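First up is the structure itself, then whatever we jot down about it.
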Ligand SMILES: NC(=O)c1ccc[n+]([C@@H]2O[C@H](COP(=O)([O-])OP(=O)(O)OC[C@H]3O[C@@H](n4cnc5c(N)ncnc54)[C@H](OP(=O)(O)O)[C@@H]3O)[C@@H](O)[C@H]2O)c1
């Protein structure tokens, strides 16, 4: 299926490794030019070069922190100067503080502030500055990567669920406010996707068995099983979906909706 997005421009935040990097590869494979944004310049530049070589699209790496206003302003300047703005905005963020804890053990204010900054403020700040660049283009896709825990809270995930629920609410408001411009806004909610951090290698055998037990598919998801869905939501074929949150979680969410 032709996704109809070759030649468009996508911003992918938090893209120097992991799911952000894979999502960028998936879009580049469809002929999408990219702007990548993450803190570590060396890693981000390496990802940009590898994507350019593999997919023959234009890739600009902008090293910076989603929580730092001056860095986001620099990102916006680059988007304006090089492309006029993005057509597609993949709002990926960093991970919550580690290790995850039960809520009543989560008493450290610094961890709450960190969770808020990295997951919610980063999303609000980047959206608030980037989305205005998308509104006059007549077409656009905004896709926020949240977590399946916003639909079914998982053990020891409170510090993530609480702020990601905030991102979900922000995106729903945004979908309502900007729908008439032709820009759709949706959330994709991963759960148990096999990344460096979520792989079976960093858990005890008991933890792995318990995790697989709550997944009807009985296995972790491959990263491509998320990135393919991202590319579909970024495509011309998803045009009548906005304000939605779709879990990509091997069936973990047990409710009807
Ligand atoms: N795997 C799953 O099943 C699953 C489930 C639910 C949610 N998620 C969420 O999906 C997201 C991606 O997961 P992942 O496994 O790919 O994470 P990861 O490997 O830790 O990668 C996180 C990325 O975020 C960037 N980053 C962190 N803080 C940043 C900041 N302040 N400004 C700009 N970039 C920042 C990092 O790059 P720099 O260090 O270079 O900045 C890195 O590229 C995370 O939010 C994770 O919680 C994943």
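The values are calculated or read from the model by the stated rules, or taken from the named source; none is laboratory data. A quick note: this is a predicted structure, and the numbers were derived from the prediction, not measured. Cβ placement follows ideal geometry from the backbone for every residue including glycine, while neighbour counts extend to all protein chains displayed.
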By residue number, the members of the stretch 16-36 that are surrounded by 21 or more Cβ atoms within 10 Å (Cβ to Cβ), near the ligand (Cβ under 6 Å from one of its atoms) and over 25 Å from residue 1 (Cα atoms) are 16
Is it fair to say residue 234 is crowded, with 19+ Cβ neighbours inside 10 Å and more than 11 Å from the ligand (Cβ to nearest atom)?
yes
Check whether at least one residue in the stretch 196-206 is within 11 Å of the ligand (Cβ to nearest atom), modelled with pLDDT of 95 or more and surrounded by 14 or more Cβ atoms within 10 Å (Cβ to Cβ), and report yes or no.
no
Among the residues of the stretch 226-238 satisfying the criterion of being outside any loop (DSSP other than H, G, I, E, B) and touching a helix residue (DSSP H, G or I) at 6+ places or on another chain (Cβ under 7 Å), which is nearest to residue 187 (Cα to Cα)?
230
Do any residues in the stretch 51-68 that are modelled with pLDDT of 95 or more have Cβ atoms under 6 Å from those of residues that are near the ligand (Cβ under 10 Å from one of its atoms) and assigned to a loop (DSSP other than H, G, I, E, B), where the two are at least six apart or on different chains, and which pairs are they?
65/39
Return yes when residue 148 is within 11 Å of the ligand (Cβ to nearest atom) and surrounded by 15 or more Cβ atoms within 10 Å (Cβ to Cβ) and no when it is not.
yes
Can you tell me which residue within the stretch 165-195, out of those that are farther than 25 Å from residue 112 by Cα and not in a helix (DSSP H, G or I), is nearest to the ligand (Cβ to nearest atom)?
194
On the given criteria, is residue 241 more than 13 Å from the ligand (Cβ to nearest atom), surrounded by 13 or more Cβ atoms within 10 Å (Cβ to Cβ), under 20 Å from the mean Cα position of the chain (by Cα) and not in a helix (DSSP H, G or I)?
yes
Would you check if there is a residue in the stretch 14-35 being under 24 Å from residue 163 (Cα atoms), outside any helix (DSSP H, G or I), in contact (Cβ under 8 Å) with a residue 60 or more places away in the chain and over 16 Å from the mean Cα position of the chain (by Cα)?
no
State yes or no: is residue 162 away from the ligand (no atom under 16 Å from the Cβ) and on the phi < 0 side of the Ramachandran plot?
no
